[in-house]
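Heads up, the thing below is written out as structure tokens.
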Amino acid sequence: MTPTGDRSVDAGGEPASVPRPVSFSGRWPTRLLWLLLAALYLVATWVAMRGVTPYADELVHFPQIDLFRQGVFRIASDFLTTTPGYHAASAALMALFGGHTVGDARAVNALFGVIAIAGFYALRRTLHPGTQSLASMQFAVLPLLASLFFVVYTDVLSLALILWAAVATFNGRHWWSAAILLVALGVRQNNVLWTVFLAWLVAWPLLREGGIAAWRGVLARTLPYLVPLAAFFVYWLWNGSISLNRPVAHPDLTLHAGNVFCLLFLMGALFPLHVAAGLAEFPVLVRRHPWLAIVPLLVFAAFWWGYQADHRDNAVMPEWFLRNGLVMAASTDPMTRAWTALVATLGVTGWMSTRLRPREAYWLVPFSIGFLSLSWLIEQRYALIPLAFWLAFRPMRGRFVEWANFALWLAVTVLVVQGTLRWKFFL
């Protein structure tokens, strides 16, 4: 289904919205596995609610939530970098249910996580009907999502809103999408890039078919998205910066490659079987397009000479922040840089033969690069929305690959969540 509400057809004449299903042969195994995942997350949420000591950026976010919960509508802009939509929503839900502790705020964030999973399910069902159950179970145990599920961070609600906005876009409900995107901008300002992304997915099929002569149709379809865009620019002019406070992690209009390399590394590390299958197909791709043979060399060289981690916060507690430990090691140790560059290169090479659906989905690549380049601080959580879209757009491989990938992520997620809740480490 295209963002304009029409079915797209790929080069082989197959409807792009109907991939080969990959699922259980019956409903009951699927339901039982969903119940198992729900039970695991309920236990983890209960453990997280018992904690009273804030983790990392919870020290910034929870005090703002608590101010709103008490009816004090002062914004702690000296510390807060994001607009306070997440904090207002969390405070409202906590007040509704009588919560007041950081543990209660974590339970609210887990609820946002459930909404994100439901949004992914709806998006996958719209784009690739028949695959949404397995794909959504994979998404539910994506280690990047799991590491944020039980902490008071803005990223999960931001992800949920962007996914539901995409659902509205791909079902032709553009005013609903614009309304959700407006709320998403109140959670994280940089969601303006995903507003442009969804608007472009609406415009591109019309431009591809009709060229500049299709401008009236483009304007009519994309008009709703101008509302959140206008709101963003009004906020930017009023605040004087995209960041609510001093733009430390995300300086205005400066580009940094660190998070792009982080995403490339994740594309290799998170999908070992998919990458292996893609590497086997790469020689066939090169025979059709010989110039592609140089791409792996370019990726490795770009990582080797272009990667740097020079933000001061990436050097904080590398023994506890696993992210910082790897980020700094890749910056200072040649062996670590070599193997991380190799993983990133294998990731790019292994995914090159993948045909995303719908046809317009390949625009995800430049938009993801632009989105990630605007953040100076290297954090894997910034890759969450690009990865979620990739998982929604990609075709599935055989049952063995997909179920093995699910099992791998489930095992890693259990380790990540228990390590976080037991204060052993934090991603």
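The values are calculated or read from the model by the stated rules, or taken from the named source; none is laboratory data. Not measured: the values here are computed from a predicted model. Backbone-built Cβ (ideal geometry, glycine too); neighbour counts: all protein chains shown. For accessibility, only protein heavy atoms count, side chains too; no ligands or nucleic acids. Shrake-Rupley method; radii C 1.70, N 1.55, O 1.52, S 1.80 Å.
Take Leu372 and decide whether it is modelled with pLDDT of 95 or more, open to solvent by less than 20 Å² (accessible area, probe 1.4 Å) and within 19 Å of the chain's Cα centre (by Cα). The answer is yes for Leu372. Scanning region 203-234 for residues that are open to solvent by 60 Å² or more (accessible area, probe 1.4 Å), modelled with pLDDT of 95 or more and in contact with a helix residue (DSSP H, G or I) (Cβ under 6 Å, 6 or more places away or on another chain) yields one hit, Val227. Within this structure, Ala105 passes the test of being assigned to a helix (DSSP H, G or I) and either free of Cβ contacts under 8 Å to residues at least 24 places away in the same chain or buried (at least 22 other Cβ atoms within 10 Å of the Cβ) (or both). Screening Glu360 on (1) within 14 Å of the chain's Cα centre (by Cα); (2) over 18 Å from Phe265 (Cα atoms) shows it passes everything except condition (1).
Being more than 30 Å from Phe139 (Cβ to Cβ), in contact with a helix residue (DSSP H, G or I) (Cβ under 8 Å, 6 or more places away or on another chain) and either open to solvent by 50 Å² or more (accessible area, probe 1.4 Å) or among the basic types (Lys, Arg) (or both) is a property that does not hold for Ala338. Of everything listed in (1) closer than 19 Å to Ile65 by Cα; (2) open to solvent by 10 Å² or more (accessible area, probe 1.4 Å), the single unmet condition for Val196 is (1). Taken together, the criteria place Ser331 among residues that are more than 28 Å from Arg208 (Cα to Cα), modelled with pLDDT under 95 and open to solvent by 30 Å² or more (accessible area, probe 1.4 Å).
The residue that is most open to solvent (accessible area, probe 1.4 Å), among those in region 44-76 that are of a type in the set (D, E, K, R) and assigned to a loop (DSSP other than H, G, I, E, B), is Arg74. Of the helices (runs of 4 or more DSSP H) lying entirely inside region 113-170, those containing at least 3 residues that are over 20 Å from Arg394 (Cβ atoms) and in contact (Cβ under 8 Å) with a residue 60 or more places away in the chain span 143-149, 155-170.
In a residue-by-residue description of region 238-252, the property of being under 24 Å from the mean Cα position of the chain (by Cα) and open to solvent by 60 Å² or more (accessible area, probe 1.4 Å) applies to no position. Of all residues assigned to region 290-297, none qualifies as being in contact with a strand residue (DSSP E or B) (Cβ under 8 Å, 6 or more places away or on another chain) and either modelled with pLDDT under 95 or assigned to a helix (DSSP H, G or I) (or both). The number of residues in region 305-314 that are under 23 Å from the mean Cα position of the chain (by Cα) and open to solvent by 40 Å² or more (accessible area, probe 1.4 Å) comes to 2. Look through region 77-89, keep the residues that are open to solvent by less than 30 Å² (accessible area, probe 1.4 Å) and not in a helix (DSSP H, G or I), and return whichever of them is modelled with the highest pLDDT. Step by step, filter region 77-89, then rank; the result is Pro84. On inspection, Thr349 qualifies as surrounded by 14 or more Cβ atoms within 10 Å (Cβ to Cβ), of a type outside the set (D, E, K, R), under 20 Å from Ala257 (Cα atoms) and touching a residue at least 60 places away in the same chain (Cβ under 8 Å). Against the list (1) buried (at least 22 other Cβ atoms within 10 Å of the Cβ); (2) in contact with an Asp or Glu (Cβ under 7 Å, 6 or more places away or on another chain); (3) among the hydrophobic types (A, V, I, L, M, F, W, C), the condition Met94 fails is (1).
Among the residues here, Met317 does not qualify as farther than 30 Å from Phe406 by Cβ, assigned to a helix (DSSP H, G or I), open to solvent by 50 Å² or more (accessible area, probe 1.4 Å) and of a type outside the set (D, E, K, R). Restrict the check to region 279-298 and report whether at least one residue is touching a helix residue (DSSP H, G or I) at 6+ places or on another chain (Cβ under 8 Å) and exposed (fewer than 13 other Cβ atoms within 10 Å of the Cβ). No, region 279-298 has no match at all.
Of everything listed in (1) more than 24 Å from Ile385 (Cβ to Cβ); (2) touching a Lys or Arg at 6+ places or on another chain (Cβ under 9 Å), the single unmet condition for Thr354 is (1). Only one entry in Leu408, Leu387, Leu391 is surrounded by 17 or more Cβ atoms within 10 Å (Cβ to Cβ), within 20 Å of Leu273 (Cα to Cα), at pLDDT 95 or above and more than 18 Å from the chain's Cα centre (by Cα), namely Leu408. Answer yes or no: is there a residue in region 269-280 that is closer than 30 Å to Ala179 by Cα, within 21 Å of the chain's Cα centre (by Cα) and at pLDDT 95 or above. No, region 269-280 contains no residue that is closer than 30 Å to Ala179 by Cα, within 21 Å of the chain's Cα centre (by Cα) and at pLDDT 95 or above.
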